[in-house]
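See below for the structure under consideration.
The values are calculated or read from the model by the stated rules, or taken from the named source; none is laboratory data. Remember, it's a predicted structure, so these values are computed and weren't measured experimentally. Every residue, glycine as well, gets a Cβ built from its backbone with ideal geometry; the counts of neighbours run over all protein chains shown.
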């Protein structure tokens, strides 16, 4: 199924390329990304590639730059709620004390997902690819995506929020996965689709949002 992406999300002037997804175990996922200080064509190109890669998995709702090996503070999101956007140099603000507890997954940890407590409402501020100031607010899944992706850019993963016993169980499961030991993987590959639990007919279905 094809998806129409808004002109805000993807440039018409540069070809987009699906990039390999960085996998758990690759040190780049634990490094803090650097702020973007020069807003040239390379920033828009990175945004385009993030969208192209995220959309290679239909259930993906967000992707951070270090998930394709780029240590720049950029992420994209599309929570299927009408807003498709990117944020450069994001800063997340939790809007109140209300919490949500729901399923969460990650494109860099394929085949793994679990309930994760996050703030229910959040705001993210930053710049767009041209350096203009932007701000978005969200509740539920969108707020979860803001927090998840910004954590990525700080070298944090959602499994870090789990109790120690649960996290160690998930890490053990990942170490036994076919992809373990690979630094990255093409999200269009048969192996990636298999470990995510998708086949050719239901590739667009998932139990948890994947970010």
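Worth a mention:
- Among residues that are more than 18 Å from residue 156 (Cα to Cα) and either under 16 Å from the mean Cα position of the chain (by Cα) or surrounded by 20 or more Cβ atoms within 10 Å (Cβ to Cβ) (or both), residue 70 is not included.
- Scan the range 94-111 for residues that are out of contact with any helix residue (DSSP H, G or I) (no Cβ under 6 Å at 6 or more places or on another chain), surrounded by fewer than 20 Cβ atoms within 10 Å (Cβ to Cβ) and not in a strand (DSSP E or B) and the total you get is 4.
- Some residue of the range 46-65 being modelled with pLDDT under 95, closer than 26 Å to residue 135 by Cβ, surrounded by 16 or more Cβ atoms within 10 Å (Cβ to Cβ) and in contact with a strand residue (DSSP E or B) (Cβ under 6 Å, 6 or more places away or on another chain): yes
- Residue within the range 74-93 that is part of a strand (DSSP E or B) and within 28 Å of residue 164 (Cβ to Cβ) present: yes
- For residue 114, the stated conditions hold: it is surrounded by fewer than 20 Cβ atoms within 10 Å (Cβ to Cβ) and over 17 Å from residue 77 (Cα atoms).
- The range 172-189, residues that are free of Cβ contacts under 8 Å to residues at least 24 places away in the same chain and either in contact with a helix residue (DSSP H, G or I) (Cβ under 9 Å, 6 or more places away or on another chain) or closer than 23 Å to residue 62 by Cβ (or both): 178, 189
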